[in-house]
Amino acid sequence: AALFMENARKGSIVSRANSIGSTSASSVPNTDDEDSDYHQEPYKESYKDRRRRAHTQAEQKRRDAIKKGYDDLQAIVPTCEQQDFSICSQKLSKAIVLQKTIDYIQFLHKEKKKQEEEVSTLRKDVMALKIMKV
């Protein structure tokens, strides 16, 4: 009798699995357990779709931010603007924009250093003039 009950249980598990996959209109309505098992799979797919869509949107937002950054660099860095008018209609590559930006920053550092040296020299001159005036 115990063997019969075990086989009967196995049979109900198999029939439940078959009824879950069945889509015919004449199938017996599912119990609550079967219904929750049946609806769980589409919910997971929906969750995956939402995650995929959210990831795609986040990735697009990231790409747009990077593109805007390159566009801003190209607009700000003078050496990126000073192009031959025949080339002007073409957009500079990202590598060129970065290289020109690096060159410009290095130029600005040199200019800053020159100006700091000039300010230092002028301060010394002012001090010398104050001493001579007294």
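Think of segment 45-133 as having a plus end and a minus end, set by charges on the Cβ of Lys, Arg, Asp and Glu; of Leu122, Thr56, Ile105, Thr56 sits farthest toward the positive end of this dipole.
Site pair Met132 and Val119 shows an inter-label distance of 2.4 nm when each label is modelled 7 Å from Cα along Cα→Cβ. Within a straight-line Cα-Cα reach of under 16 Å, Lys124 can be paired with the following lysines, leaving aside sequence neighbours fewer than 8 residues apart in one chain: Lys114, Lys133.
Read-outs: derived from the displayed coordinates by stated rules, not from any lab. Model, not experiment: these values are computed from the prediction. Using ideal geometry, Cβ is built from the backbone for each residue, glycine included, and neighbour counts are taken over all protein chains shown.
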